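What follows draws every value from the coordinates through simple rules; no lab data is involved. Keep in mind it's a predicted model, so treat the numbers as computed, not measured. Cβ sites come from the backbone with ideal geometry, for glycine too, and all protein chains shown count toward neighbours.
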């Protein structure tokens, strides 16, 4: 039982990272029905941006006291801002012109964007894994026989908090309303006076900023990254978005946590090499019985 | 203004294509440009093809290995190779794609060598799964290859090796100067059981030809010696999170975690994440796959307390390697890698065989079959790693291992082990 709970914690931490990336996939798909393949690479870029900011701040090891909060807040916001801007630039340069082109054109462009980002990152940081400094002190808290590390709590909490903030923003703010309107019908939204270019750019800004947050968190959690890291993680996060119901924010979160849990529990009770098999089998089963995913609705009520 | 818009999109796609191409592995770099442009002189140059992973995560071990082969060729060329009748050169290809060794890229490189009639022999590959893709091709073309470091058993012995010799089942074109895994795995099990005194092991491998092969041998040998194997797990490609796996391992309280695989497939990350899973104090043992410098970089402080073998002697400890090490450091301004001396030896054996074949051909360009014949007959060849010869399977007749330990962030040689052949 202890081991089961311990693996649940491992699974939720892994799932938290998937969930943060999945939010970006689901938002972009929700608004322009584009699978943004470059999103996983924006996530890796988030780790690299965090590394660069930490280097600027001169941080190489554990920070304590009030400085810790300053360092973490500055790094995470910096990474979110830089990734958000990257997302906006990608949308402006690569996707906007293709908005009315056949669906395949933006899709292939997204794959191309992914290659460009990967190669730029390889050029920047080299092809080998890069170490990420242990910024946060990492005491383990014992709850009964189960231990949870500080950085695991950080991953899980951050994922939940950001999801709630995002959900509130989309549901209750004017800009959120504009996003929902654009998702439903671009032309009608434009006729109602909504600037859809700005709205779509905003979606990319937020989605990519979340990938930036995930990038920082993953750097702290794993202590290393490399330029192709986003490929596998992006695939899993995309799966999470589909599992939860693509276009649905809570669904992306649920899908992320579920996939993390399935992976950890499969590793414990079956075998590590079967983790992916079980994850994708669950995906297939869910899609057979609920083609729109766990929380997805067939109504055009996206984002 | 539709045109500029379209051309911009085209430019973006073209840029993507160019960047992808930059990353591909088939860029030929010749160490000298002497043979270009003169078809008449082409017959006067003989090349040794070198296929190794020299970019990405494997570069830290691949480049010093490549340097070893380059040094052997440069020395021979300078010292009047074949009485000065031929120029000797290398053809260097990289089999890493997206930062990792890749069987398909290796096969493509071998095809390039085969198509180039001036390539009479090749050194490489580095990795066993790449060798599996290459052996059927060299077997078909009769091109001899000597590998510095591919240790998987199935490349030289048993049914697996027979299956690789598809075109000419009775001809062997693959040789290696390193120790094979049934010997390395057995030695590792003996080290774990006898020398280090571990009773319970948890085994993880990367499910690749080399990693799984080595881990399977260790698994069987450790049990045979009386040890307990608490679990044997395989990881998947591009896996980053080993926490669940290591939590499972920690719950079984192993004396040692054995890893079969390379640093680039997860060997360093597993060691790093052991600390988080409560296995920080548990020793870590692996084969030559984690003997590269990258391992300490990836694992960081956690690298300490790791043991690994190299399927080659520690050249710095051998009197026979003194001259080689001096020449290497003078030429490349860097330290020799664990497989530099092996690659140097491999190239030397091929050069000697080519010279004999030239003699037989009366000073004319020899055939690949002649070169193969002389490589296969190699016996008691004096080299930096001692006297080298090949048995009928293509395995070295003098298997030697070096045991290393990481302490204070650096690898230290504990002992050099000579095995029975």
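According to the Kirkwood relation over distinct C-alpha pairs, the hydrodynamic radius of region A:231-281 is 10.9 Å. Give, as ranges by residue number, the residues of region A:217-250 whose backbone N falls under 14 Å from the point 7 Å along Cα→Cβ of residue A:161. Output list for this probe position: A:217. Between residue A:62 and residue A:173, the modelled label-to-label distance comes to 3.7 nm, taking each label 7 Å out from Cα in the direction of the beta carbon. Note on residue B:237 and residue A:99: their simple-model spin labels are 3.8 nm apart, each label 7 Å out from Cα toward Cβ. Convex hull volume of the Cα atoms of region A:113-212, normalised per residue: 169 Å³. Counting only Cα atoms, the size of region B:55-183 along its three principal axes is 43, 36, 29 Å, in decreasing order.
Between region B:225-296 and region B:348-390, how far is it from one alpha carbon centroid to the other, in angstrom? One Cα centre to the other: 42 Å.
In square nanometres, what is the average projected area of the Cα convex hull of region A:123-281?
Values: hull surface 50.0 nm².
Mean projected area for region A:123-281: 12.5 nm², to one decimal.
As a proxy for reagent exposure, ranking A:226, A:124 by other Cβ atoms within 10 Å from fewest up yields A:124, A:226. Here region B:248-378 has an Rg and Dmax of 21.0, 69 Å, counting Cα atoms alone. Which FRET efficiency value, to the nearest 0.05, is calculated for residue A:77 and residue A:111 with the Förster distance at 22 angstrom and r the Cβ-Cβ distance? E(calc), rounded to 0.05, equals 0.15.
Take each peptide in B:385-397, B:118-130, A:183-195, count the other Cβ atoms within 10 Å of every residue, and average; sorted highest first, the result is B:118-130, B:385-397, A:183-195.
What is the average number of partner chain Cβ atoms found within 10 Å of a Cβ in B:96-106? Kindly include the intermediate steps, with their values, before the conclusion.
Working: counts 1, 0, 8, 9, 2, 0, 0, 0, 0, 0, 0.
Counting other chains' Cβ atoms within 10 Å and averaging over B:96-106 gives 2.
Each residue in B:135, A:200, A:116, B:146 was given a count of other beta-carbon atoms within 10 angstrom of its own, and listing them fewest first yields A:116, A:200, B:135, B:146.
Sorting check: for A:89-98, B:193-202, which peptide has the highest mean count of neighbouring beta carbons within 10 Å, and how do the rest follow?
Details: A:89-98: 18.9, B:193-202: 16.5.
Top of the packing list down: A:89-98, B:193-202.
The Rg/Rh ratio of the protein assembly as shown, with Rg taken over Cα atoms and Rh as the Kirkwood radius over Cα pairs, comes to 1.02. Per residue, the convex hull spanned by the Cα atoms of region B:173-231 amounts to 80 cubic angstrom.
Label-to-label distance, residue B:316 versus residue A:123, with points set 7 angstrom from Cα along the beta-carbon direction: 3.7 nm. For residue B:327 and residue B:382, the FRET efficiency from 1/(1 + (r/R0)^6), where r spans their Cβ atoms and R0 equals 22 Å, is about 0.90. Dimensions of region A:15-174 along the principal axes, based on C-alpha atoms and rounded to the nearest Å, stand at 55, 40, 31, largest first. Each peptide in B:343-352, A:201-210 gets a packing score, the mean of other Cβ atoms within 10 Å over its residues, and the list from highest to lowest is B:343-352, A:201-210. The fraction of Cα-Cα pairs per 10 angstrom bin, counted from 0 for region B:335-418, comes to 16, 38, 26, 13, 6, 1 percent, rounded to whole percents.
Does chain B come out rounded, prolate or oblate, given a ≥ b ≥ c as the square roots of the eigenvalues of its C-alpha gyration tensor, rounded meaning a/c under 1.5 and, failing that, prolate meaning a/b above b/c? Because a/c hits 1.5 or more and a/b fails to exceed b/c, chain B counts as oblate.
Helix B:322-332 and the long axis of chain B differ in direction by around 80°, with both axes built from C-alpha atoms.
Per-residue ellipticity at 222 nm, computed for the protein assembly as shown from helices alone with -39500 (n - 2.57) per DSSP H run of at least four residues, works out to -17500 deg cm²/dmol. Quick one: angle between helix A:2-32 and the longest Cα principal axis of chain A, in degrees between 0 and 90, rounded to 10, please. For helix A:2-32, the angle is close to 20 degrees.
PRE reach from residue B:111 (point 7 Å along Cα→Cβ): which of region B:77-102 fall under 17 Å by backbone N? Inside the label zone: B:93-97, B:102.
What is the average number of partner chain Cβ atoms found within 10 Å of a Cβ in A:30-42?
Averaged over the peptide's residues, the number is 0.
Across peptide A:272-279, the average count of Cβ atoms from other chains found within 10 Å of a residue's Cβ is 4. With the alpha-carbon atoms of chain A aligned to their principal axes, the span from lowest to highest coordinate is 58, 47, 37 Å, starting with the largest.
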